[in-house]
1. If the only charges are +1 at each Lys and Arg Cβ and -1 at each Asp and Glu Cβ, what is the size of the charge dipole of segment 10-86 around the Cα centre, to the nearest 20 debye?
2. Please build a GNM for the chain, connecting alpha carbons under 10 Å apart, and tell me which residue among LEU50, LEU90, LEU17 fluctuates the most.
3. Between ALA75, ALA86, ALA48, which gets the highest mean-square fluctuation from a Gaussian network model of the chain, Cα cutoff 10 Å?
4. Specify which labelled value, from [x] 7.9; [y] 14.2; [z] 9.7, agrees with mean projected area of the Cα convex hull in nm² derived from the coordinates of the model shown.
5. Please work out the C-alpha center-to-center distance from segment 35-55 to segment 75-103 and express it in whole Å.
6. Among residues other than SER55 whose Cβ falls under 13 Å from its Cβ, what is the net charge (Lys/Arg +1, Asp/Glu -1)?
7. Looking only at ARG71, ARG82, ARG92, which one moves most when the chain is put into a Gaussian network model with springs between Cα atoms under 10 Å?
8. I'd like to know which of ILE26, LEU72, LEU43 lies farthest towards the positive end of the charge dipole of the chain, counting +1 on Cβ of Lys and Arg and -1 on Cβ of Asp and Glu.
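Laboratory data are not the source of any read-out in this text; all were calculated from the coordinates shown. None of these values were measured; they are calculated from a predicted model. Cβ placement follows ideal geometry from the backbone for every residue including glycine, while neighbour counts extend to all protein chains displayed.
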Amino acid sequence: MERKMKLEHPGILIKGLIFDEHGLSISNAAEMLGVTRTALSHLANGKADLSVDMSLRIEMVFGGTAEYWQRLQAAYNINEARPRIAKLKLKRYKPALKKPLPVKETKSRGHKAKKVA
């Protein structure tokens, strides 16, 4: 199923929901997070992915969980990659039918069949 809605980059969401909402500049937020202004600016403008390290810093300073922030990044990445991969025209692997289990051979070797509930 293809998504019709374009997902917002997590950095842009963080900028709007946290920094802008609390009146924090990128420089102020970067200082609080212990990162460079450049690194945070790239994230906040959607030019860099949200790293696990940054997710943990955001969790510690502003709240939410690192897992939540990473799920946003993963969903964004998948949404961005899906159209590129769709163009590859890949086909699902369909394994050949397997031979029936050799019941007689296993019994003759002393193996006992287990009953499945």
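1. So the magnitude is around 260 debye.
2. Checking each option, the largest mean-square fluctuation is seen for LEU90.
3. ALA86
4. Among [x] 7.9; [y] 14.2; [z] 9.7, the one calculated here is [y].
5. So the two Cα centres are separated by 33 Å.
6. Numbers: positive: ARG57, ARG71; negative: ASP49, ASP53, GLU59, GLU67.
Here the charged neighbours net out to -2.
7. Taking springs between Cα atoms under 10 Å, the residue moving most is ARG92.
8. Most positive-ward Cα: LEU72.
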